[in-house]
Each structure stands twice: as structure tokens, then as C-alpha cells.
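Nothing in this text is a laboratory measurement; each read-out follows from the coordinates by a stated rule. Bear in mind that the values here come from a model prediction, so they are computed numbers and not experimental data. Using ideal geometry, Cβ is built from the backbone for each residue, glycine included, and neighbour counts are taken over all protein chains shown.
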Amino acid sequence: MSESGDTAWQQSAESLRASVDGVATLQSLVANGEVRLEPWAAEKLKKALEDQLFHAREWLKRTNYLAVNLPLGDHWVGRVMAAKWDQRARGPGSIREQLLLYVQALTDAIEVVDQAVKVTRAADEGGASGFGRLES
């Protein structure tokens, strides 16, 4: 990969890590009751996340095809290029590794949406019961 390609790849990886960190922060905020989500909004958000998760899993399946030994010949240059491609396909920092991280982040985000709805419902029910006591 060219130097600009390597830089773009690194920026993408950093952006993905920031997104994963953002989901973790959101999980913490939801657990503390600081974030609430109305059910109608949660359904829209969850649908979008699930659609993206489906596509990410499909992309992940395709990485298996990238990881086959490329038929670049028995010449040393062909072997070096095949090894380099294999490393990018499934080695550390590879597209496969990044997609696995992305799939996990999407799965976690879907769980956070579900938790946020539960927190909202619990808060609404608590407020409604408290209001009922005020009327009595």
C-alpha cells in the first residue's frame, strides 16, 4: 500500500477505535440513567444498526476470500506479494480484524439501545407511580 493508503488505513482504524470507545461511554451513561431513549426512536435506531450489522457480517465473510493464497507465481516476488496481501487480509491490523471490531461495536450499540429503552420505561413507570401517590 502506498504511504497515503497506509495513512488512510490508520485514520480509519483510529476512527473505528474512537467509535468503540464512544459505545463504551454510552453504555456507562445509560447504566447511570443519564441517557434515555423513547421506544419509537429506539426502534428506528436499532433497525439502522441491525442493517449495518448485517452488511458488516457479509463483509467479514468476504474477507475469507481475500485470505487465500494468491496465484502470483513461484517467483520470489510473487511469494512476497502473496504473503503481504495475506497479512493485510487476516494479520494484525487487517481488514478482518477491523471488521470483527466493527461487528462487536454494532452488537454492543444494539444492546445499549435496548438498555436505554428499559431505563426510560423504568423512569416513566416510576414517575407515573409517584404521580399517582400525589393525586391520592
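Assign unit charges at the C-beta atoms only (+1 for Lys and Arg, -1 for Asp and Glu), then state the dipole size of the chain relative to its Cα centre in Debye, rounded to the nearest 20.
Dipole size: approximately 420 debye.
Using Cβ counts within 10 Å as a stand-in for footprinting exposure, how do 94, 19, 28 rank, fewest first? Can you show the working numbers first?
On the way: 94 18, 19 15, 28 12.
In increasing order of surrounding Cβ atoms, one gets 28, 19, 94.
Mind sorting 102, 65 by how few other Cβ atoms lie within 10 Å of their own Cβ, fewest first?
65, 102
Restricting to DSSP H runs of at least four residues, report the calculated mean residue ellipticity at 222 nm for the chain, -39500 (n - 2.57) per run over all residues, nearest 500 deg cm²/dmol.
Taking each H run of at least 4 residues, the total per residue is -30000 deg cm²/dmol.
Using the membrane-span-like helix rule (whole DSSP H runs, Cα extent along the own axis of at least 20 Å, mean Kyte-Doolittle hydropathy at least 0.0), which helices of the chain qualify?
TM-like helix candidates: 95-135.
Excluding residue 103 itself, what net charge comes from residues whose Cβ is under 14 Å from its Cβ, given Lys and Arg +1 and Asp and Glu -1? The partial results should precede the final answer.
Working: positive: 57, 61, 62, 96; negative: 50, 51, 58, 97, 108, 111.
Summing Lys and Arg as +1 and Asp and Glu as -1 gives -2.
Taking 0.36 nm per residue of sequence separation and subtracting the Cα-Cα distance, how much length would be gained by fully extending the chain between residue 21 and residue 85, in nm to one decimal? Can you show the working numbers first?
Numbers: separation 64, 0.36 × 64 = 23.04 nm, distance 2.90 nm.
Full extension from residue 21 to residue 85 adds 20.1 nm.
Across bins of 10 angstrom width beginning at 0, how are the C-alpha pair distances of the chain distributed, in whole percent?
Binned Cα distances yield the sequence 11, 28, 25, 16, 10, 6, 3, 1, 0.
Which cross-chain or sequence-distant (5 or more) residues have an amide H under 5 Å from the amide H of residue 70, H modelled 1.01 Å from N in plane?
Those lying under 5 Å, H to H, from residue 70: there are none.
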